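Everything below concerns the one structure shown next.
The values are calculated or read from the model by the stated rules, or taken from the named source; none is laboratory data. Keep in mind it's a predicted model, so treat the numbers as computed, not measured. Counting neighbours? That spans all protein chains shown, and the Cβs are built from the backbone with ideal geometry, glycine included.
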Amino acid sequence: MATDTNIVWMEFGADLRRFIAGRVGNKADSEDILQDVFCKIHTNLTDLKDSGKISAWVYRITRNTIIDYYRRRPETGLPPEEEAAVSDWDGGNEAAKEIAGCLKSMLEHLPQRYREAIILIEYEGMTQKAVSEKLGLSLPGVNCILSVISSSL
């Protein structure tokens, strides 16, 4: 049974990339969806009860993630009157300072490896791939760390 995310990546990564690209026209969105899929796989792999059904399980996750993408797909943009209201709002700096203070506190409570991954990506501008190599984490694992942190904000 492929109980390791890296093994699942090796088995399914290339095929899933093509599967997603065939259903989503935008390459960047396709890559984002692929990362979301592997984050879900990484998070839920231990829940898979029948290893003989891993392929069906992986593709079900992938199809559902593609469906979610289309459900939350943003419109073409804000209407001009809303665009003006957003640009006139000057509370952005104060809000950013408040959020930064909360994030600092949150970072201090994370395990060292997670904290380091977030700092390298968000503050030092490293790519997820570079961080995964530097810290010895899988690429889906790094993406999963970021997803978990983002979802808790």
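Would you check if there is a residue in the stretch 89-108 being in a helix (DSSP H, G or I), of a type in the set (D, E, K, R), modelled with pLDDT under 85 and surrounded by 15 or more Cβ atoms within 10 Å (Cβ to Cβ)? Checked the stretch 89-108: no residue is in a helix (DSSP H, G or I), of a type in the set (D, E, K, R), modelled with pLDDT under 85 and surrounded by 15 or more Cβ atoms within 10 Å (Cβ to Cβ).
Among the candidates Lys27, Lys49, Lys53, the residue that is basic (Lys, Arg) and under 16 Å from the mean Cα position of the chain (by Cα) is uniquely Lys27.
Do the conditions hold for Thr43, that is, is it of a type in the set (Val, Ile, Thr), within 20 Å of Gln128 (Cα to Cα) and surrounded by fewer than 18 Cβ atoms within 10 Å (Cβ to Cβ)? It is true that Thr43 is of a type in the set (Val, Ile, Thr), within 20 Å of Gln128 (Cα to Cα) and surrounded by fewer than 18 Cβ atoms within 10 Å (Cβ to Cβ).
List every residue pair whose Cβ atoms lie under 6 Å apart, where the two residues are 6 or more positions apart in sequence or sit on different chains, the first residue falls within the stretch 53-65 and is closer than 14 Å to Ser30 by Cα, and the second residue, located anywhere, is among the aliphatic types (A, V, I, L, M) and in a helix (DSSP H, G or I). Hits for this filter: Thr62/Leu16; Thr62/Val37; Thr65/Ile33; Thr65/Val37. Scanning the stretch 15-30 turns up no residue that is closer than 19 Å to Gly141 by Cα, of a type in the set (Val, Ile, Thr) and outside the structural domain of Leu139 (by TED's automatic domain parsing). Residues of the stretch 5-47 that are in a loop (DSSP other than H, G, I, E, B) and in contact (Cβ under 8 Å) with a residue 12 or more places away in the chain: Arg23, Val24.
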